[in-house]
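Student: Pasting a structure below so you can have a look.
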Amino acid sequence: MSVDSSIHWMEWGDGAFRRAQSEDKPVLLALTATWCHWCHVMDQTSYSDPQVISLIDSRFIPVRVDVDQRPDISHRYNQGGFPSVAVLDDRGELITGRIYAPAEELLRFLEQASSQYPGKGPVVQQPVDPTLTLPTDLSSAGEPDSPEPGSEVISVLRRLTELYDADFGGFGFEPKQPPWEAVGLLLARYGHTRDRSLLRMATKTLDGIRAGLYDQKDEGFFRYSVSRDWKTPHYEKMLCTNAGLASTYVEAYQLTGRRAYRQAGLGALRYMLDALFDQSRGLFYASQDAGESYYALPWGQREQAEKPRIDRTFYTGWNALAASSLLKGFGAVGDESYLRVARGVLDRLWREGWSQESGLCHTLEAPGKSATEAPGPQTRYLSDQVHVFGAFLDLHQATGDPQALQTAIQIAECTQKLFGVSDGGYHDVCDPSPDPDPMLRPVKPLLENSLMAEALIRLSYLTGQEDWERQARETLSLFRDVAPGSSYLGPPSLRRMEEDEERLYLPAAAAWGRAWDMLVQGPVHMVLVGALSNRRTRLLLKSALRVYAPHRIVQVLDTQDDEDRISSLGFPVDGPPALYACMSGMCLAPIYAPEQVRGLASERPWAGSAKFAVFHG
C-alpha cells in the first residue's frame, strides 16, 4: 500500500497482529479514504513529519486500511470521521482513538498511547448511551407481546418528526447528511395516507439538499454539508450518494410532478455517466475527490482547470445501486440508454463477480485481473449481496426478463447460506474460505437487514412464495428492541460513527420502518398480463413504470410462459393485454390503455387501501 511517507505500513491481517504480539507493541490503525480531503492533508503533514514517522515505526505496528475496501474494519474502528486513528491491542481490541490530528497533537496522542501499553489489562471502551444497551440474548430479541400492526412505522415516524429541522429540512442540525432512506419512507407514507405534513417534510428536505449539495456546474451531489442550512458542502462526490439521491429525486418527481426534482435526479445520473462511468469496462468508478481548490474557482476558470481525481475502483454494491437508479430513471422518463447501461452493469457484475460458493465479491478489477485478486479476496459483505439482489429485482420489473428474477432468487438463496444466522437475520460480513479470517467480528446491521427484508418481500410477491415474506418478517422483528435509535445487533461499543449517524438522522431505522410499512400495508402490485412481443403490452409496461405508488411492484406475466401463475392470481389468460393494480388481496378493474394508467396515477386509489375493496379481484 503506497503512501508518500516512510512509515512502514502493513496490510490488515494476521501478520500484523502476530508481530504486535511478538514485539509487544500496539497496532496503530489508520483509516483513510481516497476521496477524503483531510486524509490527504494528514498524509502530507502529520504522517510526513519526521518525529511522527520515528515514533510510529519504533513503538507501533502501523496498519493502513482503505475504508471503502474494508467496510467491516471501518465500521468497527471508525472514531467518528475520516481520517481515523485507532490504537489496538494484539487481539484487535480498541484501546483508544481519535479523528484527524495535526502533527503536534498526533505526537502527544501517540506518546500517551504508547506509554500506557503494554497494559494488557482492561480495554478502554467508548462510552455507550445506557438507553441504547443492546440485548445479549439475541434469540429473544424482537419478540415483544403482540405489538400493534404498524407500531414499528409509527415509532420511526415519531422519532423522525422529533429530529426534523423545520427551518432547513433534513434531520438533526449539523453536520447534515442527505437522508434518502427517510425521504423514501415519508413519500411512501404520504402515498398511503395523503398526510401533507409528511410530504412537506420530504419536499423541504429535498429542496434544501438540491439548493446546497447539488453541483450546478458539473452536476451531481456532494457527500454532505458541514452546516445546518446545507450550504457548506464537503466536496467529495460518491457513487453511492449520487445513486441514492438520483433514485429519491426521480421518485419524488413521479409523485409530485415537480420539474426541479426531475432535473436533479436526471442530473445526478448524467454526472455518474459522464464522470464516473468507464465505457470500456461497463462499470462505474467509486468516487471523486473533494478538490476544494477546484470548486473555489469561478465557473469560467473551472472549464480549463484539472478536475478532482477519481478513484477508479469498481465496487460491486455501489455499481448495483447505480444500476437501480438508472432503472428508476428509465421507468420515469423512458430513456432507453439508462436501461442499456444498467443491464450491462448487472451483466458484468454477474459474470465477473459471482460465485455460487461465495456469492458476490466486493470489488471488480481492471482488465487482465480477476475479481479474486482484489484486496481482501475472501471477505464477502452483506451490503454487496443485498444491493445486487435488489438491482436484479428492479431489472425484472422494468423489463419482464424472467432470467433476472431467477438470478435474484440465486442471490437470495446464497445470501441465506453465507450470511444467515441460526437465530435469525444476517451478519454483515463473512469469510467463506477454508481458513477464515480470525479477526472478523460479524454483527447484524439494521440497514442491510432491512434492505434485505424489503427485497425478500418483493421476491415473495413476484414468485408467489410466502416463505420469502415470512423470512422478511422474522428478520425485521429481530430489531424491535434496538430501532429506532441504534444501528446494529451485536456487542456494544462498536460502529461508533454509524451509531452517531443513527442518532442524528435515522438512516437505518428509516429503512426498517419502510420495510415494515411494506409488510403491513402491502405493496401496490401492478400485474401486467400479456406477451412482451405484443406492442400493447410494452406500452402498458412503460406507462406502469411511470406511476409512483407506495412500494410499487410491477410484474409482467406472459400468457404462455406464466399461465399457471396468471390462473393462480385469478386473471384471465386469453384476453387482450391488461394491467391489474392490486393491494391487500384486492384488485381494481383491468386497465387496457396507457391513458387509463395515467388516470390511475392522478387518482391514487391506494391512498386509503379500503378503496380496493369496491372492486372485484
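Student: Projected onto the charge dipole of the chain (+1 at Lys/Arg Cβ, -1 at Asp/Glu Cβ, origin at the Cα centre), which of Leu321, Tyr224, Asn534 gives the Cα projection farthest towards the positive end?
Tutor: Asn534
Student: Mind listing the Cα extents of region 468-617 along all three principal axes, in Å, largest one first?
Tutor: Largest first, region 468-617 extends 60, 32, 30 Å along its Cα principal axes.
Student: Calculate, for Glu413 and Leu539, the FRET efficiency according to 1/(1 + (r/R0)^6) with r their C-beta to C-beta distance and R0 35 Å; round to the nearest 0.05. Show your work: numbers first, answer last.
Tutor: Working: r = 35 Å, r/R0 = 0.99.
Plugging the Cβ-Cβ distance into 1/(1 + (r/R0)^6) gives 0.50.
Student: Follow-up. List every residue whose amide H lies under 5 Å from the amide H of Leu283, counting only residues 5 or more places away in sequence or on a different chain, with H placed 1.01 Å from N in the peptide plane.
Tutor: Residues meeting the criterion, in which the H sits 1.01 Å from N, are Asp278.
Student: Same structure, new question: Rg over Rh of the chain, using C-alpha atoms and the Kirkwood radius, what does it come to?
Tutor: Numbers: Rg = 24.7 Å, Rh = 25.4 Å.
So for the chain, dividing Rg by the Kirkwood Rh gives 0.97.
Student: With an 8 Å cut-off on Cα pairs and a minimum separation of 6 or more residues, tell me the relative contact order of the chain in percent. Write out the running numbers ahead of the final one.
Tutor: Details: 1162 pairs, mean separation 80.6, N = 617.
It rounds to 13 percent for the chain.
Student: Any idea what the relative contact order of region 214-264 is, in percent, if you count C-alpha pairs under 8 Å spaced at least 6 apart? Walk me through the numbers on the way to the answer.
Tutor: On the way: 51 pairs, mean separation 12.9, N = 51.
Once divided by the residue count of region 214-264, the mean separation gives 25 percent.
Student: Check the chain for me: any Cys whose beta-carbon has no other cysteine beta-carbon within less than 4.7 Å?
Tutor: Within the chain, the cysteines lacking a partner Cβ under 4.7 Å are Cys240, Cys361, Cys414, Cys430.
Student: Highest mean first, how do 15-24, 456-465 rank when packing is the count of other Cβ atoms within 10 Å averaged over residues?
Tutor: Working: 15-24: 15.1, 456-465: 20.3.
Final packing ranking: 456-465, 15-24.
Student: Turning to a different aspect of this structure: In region 207-256, which trypsin sites (Lys or Arg not before Pro) fall in coil by DSSP and have 16 or fewer other Cβ atoms within 10 Å? Can you show the working numbers first?
Tutor: Numbers: sites: Arg210, Lys217, Arg223, Arg228, Lys231, Lys237; in loops: Lys217, Arg223, Arg228, Lys231.
When the trypsin sites (Lys or Arg not before Pro) of region 207-256 are filtered for loop state and at most 16 Cβ neighbours within 10 Å, Lys217, Lys231 remain.
Student: Set Lys and Arg Cβ to +1 and Asp and Glu Cβ to -1, take the dipole of the chain about its Cα centre, and tell me which of Leu519, Phe389, Gln378 lies farthest positive.
Tutor: Towards the positive end, the residue furthest out is Leu519.
Student: Averaging sequence separations of C-alpha pairs under 8 Å and six or more residues apart, then dividing by the length of region 466-617, give the relative contact order as a whole percent. Spell out each step's value before the answer.
Tutor: Details: 193 pairs, mean separation 30.1, N = 152.
About 20 percent, as a whole number.
Student: Could you sort 352-358, 544-550 so that the peptide with the highest average Cβ count within 10 Å comes first and the rest follow in order?
Tutor: The most tightly packed comes first, giving 544-550, 352-358.
Student: Subtract the Cα-Cα distance of Arg270 and Glu292 from 0.36 nm times their separation in residues, and report this length gain in nm to one decimal.
Tutor: Numbers: separation 22, 0.36 × 22 = 7.92 nm, distance 2.18 nm.
That works out to 5.7 nm of additional length.
Student: I want to check the label-to-label distance for Asp574 and Gln216. Put each point 7 Å from Cα in the C-beta direction and report it in nm to one decimal.
Tutor: 6.3
Student: Here's something else I'd like to know. What order do you get for 262-273, 101-112 when each peptide is scored by the mean count of other beta carbon atoms within 10 Å, highest first? Present the calculation step by step, with values, prior to reporting the outcome.
Tutor: Numbers: 262-273: 22.2, 101-112: 14.9.
Averaged packing, sorted descending, gives the order 262-273, 101-112.
Student: Work from the charge dipole of the chain (Cβ charges, +1 for Lys and Arg, -1 for Asp and Glu, about the Cα centre) and give the residue of Thr399, Gln44, Val333 farthest towards its positive end.
Tutor: So the residue furthest toward the plus end is Val333.
Student: Rounded to the nearest 5, what % of DSSP beta bridges with both residues in the chain are antiparallel? Can you show the working numbers first?
Tutor: Working: 38 of 50 bridges.
Antiparallel bridges make up about 75 percent of those DSSP assigns within the chain.
Student: Based on Cβ point charges of +1 for Lys and Arg and -1 for Asp and Glu, what charge dipole magnitude is obtained for the chain about its Cα centre, in debye rounded to the nearest 20?
Tutor: Approximately 1920 debye in magnitude.
Student: So what is the diffusion coefficient of region 264-330 in µm² per second by Stokes-Einstein at 37 °C and 0.692 mPa s, using a Kirkwood Rh over Cα pairs? Before the final figure, lay out each step's value.
Tutor: Working: Rh = 13.2 Å.
Calculated translational D: 249 µm²/s.
Student: Now for a different question. With charges only on Cβ, +1 for K and R and -1 for D and E, what is the dipole size of region 202-277 about its Cα centre, in debye, rounded to 20? Before the final figure, lay out the partial values.
Tutor: Numbers: 11 positive and 8 negative charges, 46 e Å.
I would put it at about 220 debye.
Student: List every residue whose amide H lies under 5 Å from the amide H of Tyr488, counting only residues 5 or more places away in sequence or on a different chain, with H placed 1.01 Å from N in the peptide plane.
Tutor: Leu446
Computed from the coordinates by the stated procedures, all read-outs in this text should not be read as laboratory data. Values in this document were obtained by computation on a predicted structure and should not be read as measured data. For neighbour counting, all protein chains shown are included, and Cβ atoms are generated from backbone atoms with ideal geometry for every residue, glycine included.
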